[in-house]
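Quick notes on the structure that follows.
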2 protein chains.
Amino acid sequence: MLHLLHSLRPSFLLSSSSRVIFTRSMASIDLRKALSDNQSALESQANAVRQLKSSAAAKSEIDAAVEALNALKLEKSTIEREIHAQINSEGNGEGNVNKEAFRQAVVNTLERRLFYIPSFKIYRGVAGLYDYGPPGCSVKSNVLAFWRQHFVLEENMLEVDCPCVTPEVVLKASGHVDKFTDLMVKDDKTGTCYRADHLLKDFCNEKLQKDLTISLDKAAELKHLLATLDDLSAEELGAKIKEFGIVAPDTKNPLSDPYPFNLMFQTSIGPSGSSTGYMRPETAQGIFVNFRDLYYYNGSKLPFAAAQIGQAFRNEISPRQGLLRVREFTLAEIEHFVDPEDKSHPKYSEVADLEFFMFPRQEQVSGQSAKRIRLGEAVSKGIVNNETLGYFIGRVYLFLTRLGIDKERLRFRQHLANEMAHYAADCWDAEIESSYGWIECVGIADRSAYDLRAHSEKSGVQLVAQEKFSEPKEVEKLVIAPVKKLLGQAFKGSQKNVVEALEAMKEKEALDMKATLESKGEVEFEVCTLGKTVTITKNMVSIQKEKKKEHQRVFTPSVIEPSFGIGRIIYCLFEHSFYTRPSKGGDEQLNVFRFPPLVAPIKCTVFPLVQNQKFEEVAKFISKSLTAAGISHRIDITGTSIGKRYARTDELGVPFAITVDSTTSVTLRERDSKDQVRVDVENAASVVREITEGQTTWTHVWSTFPHQSSTTTDE
Amino acid sequence: MLHLLHSLRPSFLLSSSSRVIFTRSMASIDLRKALSDNQSALESQANAVRQLKSSAAAKSEIDAAVEALNALKLEKSTIEREIHAQINSEGNGEGNVNKEAFRQAVVNTLERRLFYIPSFKIYRGVAGLYDYGPPGCSVKSNVLAFWRQHFVLEENMLEVDCPCVTPEVVLKASGHVDKFTDLMVKDDKTGTCYRADHLLKDFCNEKLQKDLTISLDKAAELKHLLATLDDLSAEELGAKIKEFGIVAPDTKNPLSDPYPFNLMFQTSIGPSGSSTGYMRPETAQGIFVNFRDLYYYNGSKLPFAAAQIGQAFRNEISPRQGLLRVREFTLAEIEHFVDPEDKSHPKYSEVADLEFFMFPRQEQVSGQSAKRIRLGEAVSKGIVNNETLGYFIGRVYLFLTRLGIDKERLRFRQHLANEMAHYAADCWDAEIESSYGWIECVGIADRSAYDLRAHSEKSGVQLVAQEKFSEPKEVEKLVIAPVKKLLGQAFKGSQKNVVEALEAMKEKEALDMKATLESKGEVEFEVCTLGKTVTITKNMVSIQKEKKKEHQRVFTPSVIEPSFGIGRIIYCLFEHSFYTRPSKGGDEQLNVFRFPPLVAPIKCTVFPLVQNQKFEEVAKFISKSLTAAGISHRIDITGTSIGKRYARTDELGVPFAITVDSTTSVTLRERDSKDQVRVDVENAASVVREITEGQTTWTHVWSTFPHQSSTTTDE
């Protein structure tokens, strides 16, 4: 069932857009009410006009009534326009013409410049599989390198690298084999598969957008359905599909009842065919199963974090939303293991003063919107469960904004109670606004001890930590000691079952038995494994509270898990970085990606102004210096006009361009301002290196080097 | 069939060790001859002694004969020892005690320090799957980062990132669906699977090593079998298994006939179950299918190279050799596309003077060993097929040796004619010597136009390049124009076959026909598709040479492919970097990995000499400076003796250690020399950064800063 999916990791793989509509579209109910009132008025006015005409009333009277009718009709179309406008501004996808057009412009540029390519295109592709082409691949490796620097290196995390092929037992323990499913329906005749919730969602959206005659109650019902779609059981979804008469979109054939489809790619390990394996749906399990070794590697000390970057797989029923919902993707996951009794973080103070958009549970259920909150306040007020969770929220904020994600279109949304797994202490998603709506890109969850316990149970290997006490602590412990000899005489072959049942008693039960034995000398005792009750006498068992000295505490650590959908972050980054500006002649719009140097696919291009051997030699000299400095770059020696070459490079998001127009000095141009300075040939590479590595800024370079007018360019 | 596997990429996945034995073990034939002669002499001498005794000969005579017999027995055991020693030095695995012990020491250290971990260990693991633990993962990401710098950035390659999940049609075109197989046999009763060639190999090795009574001819036969194992068909392998009476090793049950088992992990894409997919066995196909877009992205210019780093999968029948033969591994592949008529390389001169071990085909078949050759000489003499192939061999040499691979245990071995695919122009493997023998780690192949042609044919999309001529070229072309009307009248329903056969004639055949038609007026013409000969008369076809102007040349590029098995390179690097040295007291051997800073998992450790707040603050200050400089490091504040802490860090291959023994200056120790200098606290991080980034060397630091005696250490 879908709501079970929420108890699995990584929850951020679920789009949360349907959930958000509910709180944001309440206002449109007023408009629908107005439309409904208008409809009644229209009908009665139309009746009035008909009556007047049939009763041959005075022309002036009829004219007045018709005028009133026309006014009502005008009002109706105004209300309808407003409703449409509101539907569009809610970003429900199909409706929003501006967002659609913007997305199309971004996607066209991305595909044309090979940021990404539908995989296996010459074979007509496979839905939900995409290649990163050269610039996309560079952006991705820059994002991952920065992730390693910002998280792994900065926090001294233990990075591991585990295989994608995973044996069934591991994913049985994690719950994926049983619960990592979506509900599917099949076209009764062709067998084509659809996601049940998608069909219902499409039906509701279509009805709400196109059919303005539906009653106020009906509209409210559909909206409520959209908001609670993720919580519906197979039976409930099936009932709604039947009730609304939803059929297969392509053939109009009837549909099967919804049933769960496991989203893991299944395979077989080894030649015998008897060992089932899956392509991992997340990277985290590889860390959990290694906990014991990693804890030892860390000197048997908590807290510590392990991290992994790698491919994960999800056999979507019918992938949609381009790069946002794909069948294979790169995850970067952190598992921070911490003592459940101490979730403080030593570096928490470094992020406590950050202030950004948060969307706590309370604000969501009361219909408010996200608001700027100081992180320290959210933690101290208990809105965020603990310091470590807060620390990672802050670090994720810094990570995303340094990549170039717009602060104004980033929010941290807390999971609602019904979204969270029962064992989770707290859970926040970093959501980024894109043309598809708010997209879950990072999930930051306090998952308590759930995962380690699940693998301890299944494998029989204890995944625990110890806290050694500086001096031994005295604790009172209940000791149950069955007297085996007497029990053997009394119960013969059943002795073992009785002994085990006695030893398994909880504290209260044992103390009750002790009291009864002391007062009555014997007690009736139910042994489940025998399916009957036996009589235990006082001399058959000793139950005592004893004081013991303990030297350590053994416990299962809690895990706090920030989990990053790298492809989703990159797609949102593409949208946030894209803009257009008019060409010099003003006759066309030019595309620009304003990537910061950190993520730009190429840091610099080198252009000889005209095709000429001397300039080309200078360009090659600069290229060699850039390579030596580790700066990725391209030389463009085509004879194309310099303005066109700048435009081409802006469209790839290259932040700097060096134009060779003499053999002693060159111009250096910054992409967004189009400002140019003049630098010596010998210094060109090192100036670019200093800016791209953050040792200086363009502003500083601009104030230091002589400015270059645009006479040598055609911008 | 196994030899078909050679026509598939990446061939380096095959171990070539069996092939090498043949040329290297010829010498042992002399010893076996000596043993066989000794055996005959022994038998006749023993007979002589018996005869002397039975004929009651003089004691002196008998004593002399017994002495001669004993001398022959001594000679026998000497020869046997020599044979064993030679078997061991051939590195056939099982035999070599020293190599085994060395490997065990390396592997123990690697597993204990979590360089790698058998995957899913708490569930008793899965054969052929390994995790990289923290230090192994760092080494891997350092190797990959250097690969990107050394190849992708240096050559301006187009890096792409394609999914692992691949639809069947792509791998059908590449040949993997039909031919990526190993031959397997099954235990007739239990169904346990074995690799057929492994069983035969084990049998031959065991026989050669343990059974010294086998005849000279038999020994030669077994050795020849070992050398040609990869070329045996299923039938031939099956016949040998029957002939030798080989049974299942675990149960001694009889075995099935060998049959091919496809090594790809199979899965199903999407929910319907009707779309077969595989986990890619290599990354290269993702590049080939994108050729058209990449060529356009490169401005429709050749040559250019595309590159990809990613996971590849191979469902081994029974994985052996630890990290060297695994079921999932990281490949880094380059596809350099080049005009088949011009395989020069602009940067070839930069590598032409490199000199290293090469093992050309000629030296292998004539039983010689690898020898040092200047690369430029190998290319100019035609030993290496072309400049571009030579350029990449040189670049691979630089890459591997800069990582820390020992030059003396690295050779480039040319494929023998029977190893190469029919279409390949030339193929060289970078082989690294390890305790398992010579291991294929990089394959560098000129694969001609094979891959692009295969995908052009299957997809119907032309994967070609154009060369535009600066001015049109006049070319003479043969034009064959069948006169369909007359052919139709003559051949009715067979007309189409005749027309096609006429049009398909090669130039010479057509010109011969033209001459015959002109002299005799008709000609007998065989139409294969009809399976008969028809009579063609002069008026049925026109054959003319015509002059045409051509503006461009359209051709399928050749591809030169360096393909890197990253896991294999890393494992060999581990072995080449490992050594032991006595502890200070001389009572134990300490393990050291001599990784260069480039690949070291951690660049530096920071040790407060004693547990004390002031020193810890200094250590934290240095740690922050190292983080800011992007230098991975660890602080070790345990109270363990400084000598033990050095030993712990040497075992991880950490090149530098900073010991905090004052608040103003600290000592900096180099791992291999154990030399120490004293540097100011403020400079410590930047000195480490300069050495690790290659801006200075330890020798220079040693000559610049004051030396530190070991009084503050217990080394």
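Is it the case that B:Phe392 is among the aromatic types (Phe, Trp, Tyr), at pLDDT 95 or above, under 20 Å from the mean Cα position of the chain (by Cα) and surrounded by 22 or more Cβ atoms within 10 Å (Cβ to Cβ)?
yes
Could you please let me know if A:Val106 is part of a helix (DSSP H, G or I), buried (at least 19 other Cβ atoms within 10 Å of the Cβ) and within 7 Å of chain B (Cβ to nearest Cβ)?
No.
Read through the list (1) more than 8 Å from chain A (Cβ to nearest Cβ); (2) closer than 24 Å to B:Val169 by Cβ, then give the number of the only condition that B:Phe313 fails.
The number of the failed condition is (1).
Residue check: is A:Pro281 surrounded by 21 or more Cβ atoms within 10 Å (Cβ to Cβ) and within 11 Å of chain B (Cβ to nearest Cβ)? It would help to see each step written out before you state the result.
Values: surrounded by 21 or more Cβ atoms within 10 Å (Cβ to Cβ): yes; within 11 Å of chain B (Cβ to nearest Cβ): no.
Spelling it out, it is not the case that A:Pro281 is surrounded by 21 or more Cβ atoms within 10 Å (Cβ to Cβ) and within 11 Å of chain B (Cβ to nearest Cβ).
So B:Leu200 passes all but one of these: (1) outside any loop (DSSP other than H, G, I, E, B); (2) surrounded by 22 or more Cβ atoms within 10 Å (Cβ to Cβ); (3) facing chain A (nearest Cβ under 9 Å); (4) not aromatic (Phe, Trp, Tyr). Which condition number does it fail?
Against the list (1) outside any loop (DSSP other than H, G, I, E, B); (2) surrounded by 22 or more Cβ atoms within 10 Å (Cβ to Cβ); (3) facing chain A (nearest Cβ under 9 Å); (4) not aromatic (Phe, Trp, Tyr), B:Leu200 comes up short only on (3).
Considering only the stretch A:552-567, state which residues are surrounded by 12 or more Cβ atoms within 10 Å (Cβ to Cβ) and not polar (S, T, N, Q).
Across the stretch A:552-567, the qualifying residues are A:Arg553, A:Phe555, A:Pro557, A:Val559, A:Ile560, A:Glu561, A:Pro562, A:Phe564, A:Gly565, A:Ile566, A:Gly567.
Quick one: in the stretch B:584-600, which of the residues that are outside any strand (DSSP E or B) and exposed (fewer than 14 other Cβ atoms within 10 Å of the Cβ) is nearest to the other protein chains (Cβ to nearest Cβ)? Step through it out loud before you land on a result.
Just the residues of the stretch B:584-600 that are outside any strand (DSSP E or B), to begin with: B:584-588, B:594-600.
Right, trim to exposed (fewer than 14 other Cβ atoms within 10 Å of the Cβ) and you get B:585-588.
On the way: B:Gly585: 24, B:Gly586: 28, B:Asp587: 25, B:Glu588: 21 Å.
Only one residue tops the list, namely B:Glu588.
Please state which one of B:Arg361, B:Arg374 is surrounded by fewer than 22 Cβ atoms within 10 Å (Cβ to Cβ), in contact with a strand residue (DSSP E or B) (Cβ under 6 Å, 6 or more places away or on another chain) and touching a residue at least 24 places away in the same chain (Cβ under 8 Å).
Step by step, each of B:Arg361, B:Arg374 is checked, and only B:Arg361 is surrounded by fewer than 22 Cβ atoms within 10 Å (Cβ to Cβ), in contact with a strand residue (DSSP E or B) (Cβ under 6 Å, 6 or more places away or on another chain) and touching a residue at least 24 places away in the same chain (Cβ under 8 Å).
Which is in contact with a strand residue (DSSP E or B) (Cβ under 8 Å, 6 or more places away or on another chain) and more than 17 Å from B:Lys121 (Cα to Cα), of A:Asn262, A:Asn290?
Answer to the selection: A:Asn262.
From B:Ser275, B:Ser268, which residue is touching a residue at least 24 places away in the same chain (Cβ under 8 Å), touching a strand residue (DSSP E or B) at 6+ places or on another chain (Cβ under 8 Å) and facing another protein chain (nearest Cβ under 9 Å)?
Answer to the selection: B:Ser275.
Which residues, taken from the stretch A:114-168, are over 19 Å from A:Phe564 (Cβ atoms), facing chain B (nearest Cβ under 7 Å) and among the hydrophobic types (A, V, I, L, M, F, W, C)?
Of everything in the stretch A:114-168, those that are over 19 Å from A:Phe564 (Cβ atoms), facing chain B (nearest Cβ under 7 Å) and among the hydrophobic types (A, V, I, L, M, F, W, C) turn out to be A:Leu114, A:Ile117, A:Phe120, A:Ile122, A:Val126, A:Leu129, A:Val165.
Quick test for you: out of B:Ser519, B:Ser470, pick the one residue that is out of contact with any strand residue (DSSP E or B) (no Cβ under 6 Å at 6 or more places or on another chain) and either β-branched (Val, Ile, Thr) or not in a helix (DSSP H, G or I) (or both).
B:Ser470
Here is a list: B:Asp182, B:Asp178, B:Asp230. Which entry is more than 30 Å from B:Leu398 (Cα to Cα) and either within 14 Å of another protein chain (Cβ to nearest Cβ) or in a strand (DSSP E or B) (or both)?
The unique qualifying residue is B:Asp182.
Starting from residues that are assigned to a helix (DSSP H, G or I) and at pLDDT below 95, keep the ones in the stretch B:531-579 and report whichever is nearest to B:Gly322 (Cα to Cα).
Only one residue tops the list, namely B:Met540.
Can you tell which of A:Lys514, A:Lys549 is farther than 30 Å from A:Trp147 by Cα and exposed (fewer than 12 other Cβ atoms within 10 Å of the Cβ)?
Going through A:Lys514, A:Lys549 in turn, the sole match is A:Lys549.
Of everything in the stretch A:248-266, what is within 30 Å of the chain's Cα centre (by Cα) and of a type in the set (D, E, K, R)? Give them in sequence order. Show your work before the answer.
From the stretch A:248-266, those within 30 Å of the chain's Cα centre (by Cα) are A:248-249, A:257-266; that's our starting set.
Answer for the stretch A:248-266, where residues must be within 30 Å of the chain's Cα centre (by Cα) and of a type in the set (D, E, K, R): just A:Asp257.
Mind checking which residues of the stretch A:409-424 are in contact with a strand residue (DSSP E or B) (Cβ under 8 Å, 6 or more places away or on another chain) and either surrounded by fewer than 18 Cβ atoms within 10 Å (Cβ to Cβ) or part of a strand (DSSP E or B) (or both)?
A:Arg409, A:Leu410, A:Arg411, A:Phe412, A:Arg413, A:Gln414
Please work out if A:Lys189 is touching a residue at least 60 places away in the same chain (Cβ under 8 Å) and either under 26 Å from A:Arg320 (Cβ atoms) or assigned to a strand (DSSP E or B) (or both). Talk me through it step by step, then tell me what you get.
Numbers: touching a residue at least 60 places away in the same chain (Cβ under 8 Å): yes; either under 26 Å from A:Arg320 (Cβ atoms) or assigned to a strand (DSSP E or B) (or both): yes.
Yes, satisfied.
With the checklist (1) more than 30 Å from B:Leu294 (Cβ to Cβ); (2) modelled with pLDDT of 90 or more in hand, flag the one item A:Pro118 doesn't pass.
Condition not satisfied by A:Pro118: (1).
Condition first: within 30 Å of B:Val106 (Cβ to Cβ), touching a helix residue (DSSP H, G or I) at 6+ places or on another chain (Cβ under 9 Å) and either assigned to a helix (DSSP H, G or I) or among the small types (Gly, Ala, Ser) (or both). Can you find one or more residues in the stretch B:439-461 that meet it?
Among the residues of the stretch B:439-461, at least one is within 30 Å of B:Val106 (Cβ to Cβ), touching a helix residue (DSSP H, G or I) at 6+ places or on another chain (Cβ under 9 Å) and either assigned to a helix (DSSP H, G or I) or among the small types (Gly, Ala, Ser) (or both), which makes the answer yes.
Could you check A:Asp451 against (1) within 14 Å of another protein chain (Cβ to nearest Cβ); (2) out of contact with any strand residue (DSSP E or B) (no Cβ under 8 Å at 6 or more places or on another chain) and say which number it fails?
Status for A:Asp451: all satisfied but (2).
Would you check which residues across the stretch B:233-256 are more than 14 Å from every other protein chain (Cβ to nearest Cβ), part of a loop (DSSP other than H, G, I, E, B) and touching a residue at least 12 places away in the same chain (Cβ under 8 Å) and list them?
Once the filter is applied, which keeps residues that are more than 14 Å from every other protein chain (Cβ to nearest Cβ), part of a loop (DSSP other than H, G, I, E, B) and touching a residue at least 12 places away in the same chain (Cβ under 8 Å), the stretch B:233-256 yields B:Ser233, B:Phe244, B:Ile246, B:Pro249, B:Thr251, B:Asn253, B:Pro254.
Can you name every residue in the stretch A:284-297 that is more than 9 Å from chain B (Cβ to nearest Cβ) and more than 20 Å from the chain's Cα centre (by Cα)?
A:Phe288, A:Tyr295
Quick check on this structure: which one of B:Ser344, B:Ser369 is hydroxyl-bearing (Ser, Thr, Tyr) and either over 27 Å from B:Tyr295 (Cβ atoms) or crowded, with 19+ Cβ neighbours inside 10 Å (or both)?
None of the others qualify; the one that does is B:Ser369.
For B:Leu171, are the conditions met, namely being within 10 Å of chain A (Cβ to nearest Cβ) and of a type outside the set (S, T, N, Q)? Before the answer, list the steps.
Numbers: within 10 Å of chain A (Cβ to nearest Cβ): no; of a type outside the set (S, T, N, Q): yes.
So B:Leu171 does not fit the description; no.
Here is a list of conditions, (1) in a helix (DSSP H, G or I); (2) within 23 Å of A:Gly322 (Cα to Cα), and A:Gly125 meets all of them except one; can you say which number that is?
(1)
The values are calculated or read from the model by the stated rules, or taken from the named source; none is laboratory data. These numbers come from a predicted model, not from an experiment. Cβ: placed from backbone, ideal geometry, glycine included. Neighbour counts: every protein chain shown.
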